[in-house]
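**Q** Structure provided below as structure tokens; questions to follow.
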Amino acid sequence: MTKKLSIVLSGLLLSTTAAFSADSIDSAFKEGQVSGSLMGYSKITEKSDTLTTGTVGLNYTTSEYMGLTAKVGFFAGHEVEGTATAFSDKSIMNEANLTYAMDGLSLTAGRQAIDLEWMGDYHEAVVAAITAVPDTTIVLGYSDKKGVAAEDRITAFSKINGTKGAYVADIKYGGISGIEINPYYYSASDVADFYGAKVTYSTDIFGALAHYAASSEDVSTTEDGSLLALEASTGLSGVSLAAGYIKTDKDGGIGSMTSFGDNYSPMDDGSAIGNADAKMVYGTVAYSIAGIDLGAAYAQTKVGSSKDKELNLTAGYAYTDSLTTSLLYVDSDGDITDTTYGSVLVSYSF
């Protein structure tokens, strides 16, 4: 359940500080940077159904001029094999934004990547990252549309919550040694309000996490949801170990909190924990040997009298800083889910 570094923070702040400061608008465009990716992906299920895709992403970012940076990105894919319509759109302009940055503040408007607790993928949004308060990062945002650009799925941007969109306020405070406190609040009118807090503690050999979230649903037929997550982790002789527990609301499950993207499940499938009155116990282990990153995760989930178990096995190898291969095997079996699949992803970034 360790949270990924927020793309909002890393993208908004680094895009301006790392870029070369141009002395004119013409120079800002001429001295911009091009980046991108090439990916080959294949997934095979237990029924021998195969999805094989090839994707390409291309991004261009201008140099900074008077605090302003512009970025545009395209992502396109082709289904080589497979009956599933993973790519409802074959190509998408997944990024098109303008960032203004000054000391303690960065503001980005347009299509951008967002990776917050309950808001993920690509959004057509306005997002501010404020670092003027010591040891604190405040992210404030409004999203109007959401799209997906990944090796196994491409979807066009579509409206969030009709014409009303969704708002987010996410605060991270790290002024206490080894501790980060992360309260947040989301609001989507006529859908739900989400609120919660995550506290993480870390030392050189031990880590702990406590996370609680709840939703106040606006639709009368939808029960309020909640989620409690606890995790402990350690590292021994190069081996990373973690164990955790997740529980959802007895009546409402997690409510509508996954409507705009999420990062709450430690398992690749993990669909069983989305049910009401679900309780998951899981453990993970990771180890690197001869340049190969190996990982395993196992979870047991109970929903009422029903039980599920899921095994994830992963392996990754970096041939160079740019060229990597990742392998995944998933076996989820029980009263709630029954699926087995494996995948391979070869990725080159530049």
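**Q** What are the ³J(HN,Hα) values, in whole Hz, obtained from phi via the Karplus relation 6.51 cos²θ - 1.76 cosθ + 1.60 with θ = phi - 60°, for each residue of the stretch 258-264 in sequence order, with x given for Gly and Pro?
**A** 8, 5, 10, x, 7, 9, 9
**Q** Only four residue types carry charge here, +1 at the Cβ of Lys and Arg and -1 at the Cβ of Asp and Glu. Report the dipole size of the chain about the Cα centre in Debye, rounded to the nearest 20.
**A** 220 debye
**Q** With a 1.4 Å probe and every protein chain left in place, tell me how much accessible area Thr258 has, in Å² to the nearest 10.
**A** 50 Å²
**Q** Which far-off residues, 5 or more places away or on another chain, put their amide H under 5 Å from the one on Asp115, with H placed in the peptide plane?
**A** Long-range HN contacts for Asp115: Ile7, Val8.
**Q** Still on this model: Test of understanding: in a Gaussian network model of the chain with alpha carbons linked when under 10 Å, which of Asp26, Asp204, Asp218 would top the mean-square fluctuation ranking?
**A** So, out of Asp26, Asp204, Asp218, the one fluctuating most is Asp204.
**Q** Among Lys47, Lys198, Lys172, which one moves the most in a GNM of the chain with springs linking Cα atoms closer than 10 Å?
**A** Lys47
**Q** Given a 1.4 Å probe and every protein chain left where it sits, what share in percent of the accessible area of the chain is carbon and sulfur?
**A** Using a 1.4 Å probe with all protein chains present, the chain comes out at 58 percent carbon and sulfur.
**Q** To the nearest 20 debye, what is the magnitude of the charge dipole of the stretch 87-224 about its Cα centre, counting +1 on the Cβ of each Lys and Arg and -1 on the Cβ of each Asp and Glu?
**A** In total the dipole reaches around 340 debye.
**Q** Return a whole-number percent for the relative contact order of the stretch 99-158, with Cα pairs under 8 Å and 6 or more residues apart as the contact set.
**A** Here the relative contact order equals 26 percent.
**Q** Which entries of Lys71/Lys159; Lys43/Lys309; Lys90/Lys307; Lys47/Lys159; Lys71/Lys164; Lys30/Lys172 show an alpha-carbon separation above 30 angstrom in the structure shown?
**A** Lys90/Lys307; Lys47/Lys159; Lys30/Lys172
**Q** Per residue of the stretch 333-345, in order, report the coupling 6.51 cos²θ - 1.76 cosθ + 1.60 (Karplus, θ = phi - 60°) as ³J(HN,Hα) in whole Hz, putting x for Gly and Pro.
**A** Per-residue couplings from phi come out as 9, x, 6, 9, 10, 8, 8, 9, 7, x, 8, 10, 10 Hz.
**Q** Follow-up question, since we're still on this one. When the Cα centres of the stretch 298-350 and the stretch 162-177 are compared, how far apart do they sit, in Å?
**A** Measuring centre to centre over Cα atoms gives 29 Å.
**Q** Would you mind calculating the relative contact order of the chain from Cα pairs under 8 angstrom and at least 6 residues apart, reporting the percent as a whole number? Please list the in-between numbers first.
**A** Values: 978 pairs, mean separation 41.7, N = 350.
Computed value for the chain: 12 percent relative contact order.
**Q** Any idea what the dipole of the stretch 23-88 comes to, in debye rounded to 20, about its Cα centre with Lys/Arg Cβ at +1 and Asp/Glu Cβ at -1?
**A** Values: 4 positive and 8 negative charges, 25 e Å.
The dipole magnitude comes to about 120 debye.
**Q** Given the options Gly36, Gly73, Gly57, state which has the largest fluctuation in a GNM of the chain using a 10 Å cut-off (strictly under) for Cα springs.
**A** Of Gly36, Gly73, Gly57, the Gaussian network model singles out Gly36 as fluctuating most.
The values are calculated or read from the model by the stated rules, or taken from the named source; none is laboratory data. Since this is a predicted model, take the numbers as computed values, not measurements. With ideal geometry, Cβ positions are generated from the backbone for all residues, glycine too; neighbour counts draw on all protein chains shown. For the accessible areas, the whole protein counts, side chains as well, though only heavy atoms, and no ligand, DNA or RNA atoms are used. Shrake-Rupley method; radii C 1.70, N 1.55, O 1.52, S 1.80 Å.
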